[in-house]
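The values are calculated or read from the model by the stated rules, or taken from the named source; none is laboratory data. Since the model is a prediction, treat every value here as computed from it, not as a measurement. Here the Cβ positions follow ideal geometry from the backbone for every residue, glycine too, while neighbour counts run over all protein chains shown. When the accessible area is computed, the model is the full protein with side chains, heavy atoms only, and any ligands, DNA or RNA have been set aside. Shrake-Rupley method; radii C 1.70, N 1.55, O 1.52, S 1.80 Å.
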Amino acid sequence: MSQKVSINLDGVPETLLIPLYCKAKASKEENPKINDQKAIEIVDSLDYDFSKFDNSKMSYYGIIARTIIFDRELKQFISENPSAIIVSIGCGFDTRFDRLDNGQIDWYNLDVAEVIEYRKVFFTSQNERVHSIGKSAWDFSWFDDIKNDENRPILFFVEGVLMYFTKDQVQQLLTETTKRFPNCYWLCEFMSKFSVDHASWHDTVPKVGQTFQWGISKGEEIEEMCPELKMKGYWNLAD
């Protein structure tokens, strides 16, 4: 047996292990709704006690649902904008490039430096269209790392991240990024205000010592926060 990789993440970065494990577990089902073989490989390689997430049905099915929605919507966007730039904010151990690459897109993985360093252990294949940025999403110097000299369509997507930050922080991220990249697109997961108010009920997040800070009651609240953005649609994971 090969030696397992020890991983040491604290705070919000540790939460990336929750979707990683749930996607790996879901991919092993007899009739899987998602297929993420890379997630299986990473989970099997890590020295980490994933058993604490085993009975977390709410997180498990929620992560399956959002993975299906994000994959579907990103695939549709890429089909309509085949030379687009895609930026995964708070990428964690996301594996979507391998599933969605059309041979033309440029893909940026943005996360704090320690996460990007761990990614290098598991994502060893080199592709000149995949770029890694080891910075906080609120260190806006990462704007300069996005190369878009040809004014290509650009989409930012954020999954499993924004609920851990305050409304002011999220507003700043949306506003500053949209100001720098006008006419951009966003695909975001937002937590419901009810779930934030009852964060102690959550079946995985308290197990890594975290809680939720902010949520919304309706999608239109995002337009109020950042008037430059106009909502095209939204989905409820419960659907």
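Do we have Glu189 as within 18 Å of the chain's Cα centre (by Cα) and of a type in the set (D, E, K, R) here?
Here the answer is yes, as Glu189 does meet what is asked.
Please name all residue pairs, on different chains or six or more residues apart, with Cβ atoms under 6 Å, provided the first residue is in the stretch 162-186 and is open to solvent by 40 Å² or more (accessible area, probe 1.4 Å) and the second residue is in a strand (DSSP E or B).
Listed by first residue and then by second, the contacts come to Tyr185/Leu155; Trp186/Phe156.
Of Ser27, Ser6, Ser88, which residue is on the phi < 0 side of the Ramachandran plot, open to solvent by 20 Å² or more (accessible area, probe 1.4 Å) and in contact with an Asp or Glu (Cβ under 6 Å, 6 or more places away or on another chain)?
Ser6
Of all residues in the stretch 155-196, count the ones that are modelled with pLDDT of 95 or more and assigned to a strand (DSSP E or B).
8
Considering (1) under 17 Å from Cys188 (Cα atoms); (2) open to solvent by 30 Å² or more (accessible area, probe 1.4 Å); (3) free of Cβ contacts under 8 Å to residues at least 60 places away in the same chain, say which one Asp54 fails and leave the rest.
Every listed condition holds for Asp54 apart from (1).
Does Asn35 satisfy the criteria of being modelled with pLDDT under 95, in contact with a Ser or Thr (Cβ under 6 Å, 6 or more places away or on another chain) and either under 26 Å from Ala238 (Cα atoms) or not polar (S, T, N, Q) (or both)?
Taking the combined requirement at face value, the residue satisfies it.
Looking only at residues in the stretch 209-230 that are open to solvent by 20 Å² or more (accessible area, probe 1.4 Å) and among the small types (Gly, Ala, Ser), which one is farthest from Val196 (Cα to Cα)?
The extreme case among them is Gly209.
From the list Arg119, Arg152, pick out the single residue that is in a helix (DSSP H, G or I) and either open to solvent by less than 60 Å² (accessible area, probe 1.4 Å) or under 30 Å from Tyr48 (Cβ atoms) (or both).
Step by step, each of Arg119, Arg152 is checked, and only Arg119 is in a helix (DSSP H, G or I) and either open to solvent by less than 60 Å² (accessible area, probe 1.4 Å) or under 30 Å from Tyr48 (Cβ atoms) (or both).
Please enumerate the residues belonging to the stretch 27-48 that are among the small types (Gly, Ala, Ser) and more than 17 Å from the chain's Cα centre (by Cα).
Ser27, Ser45
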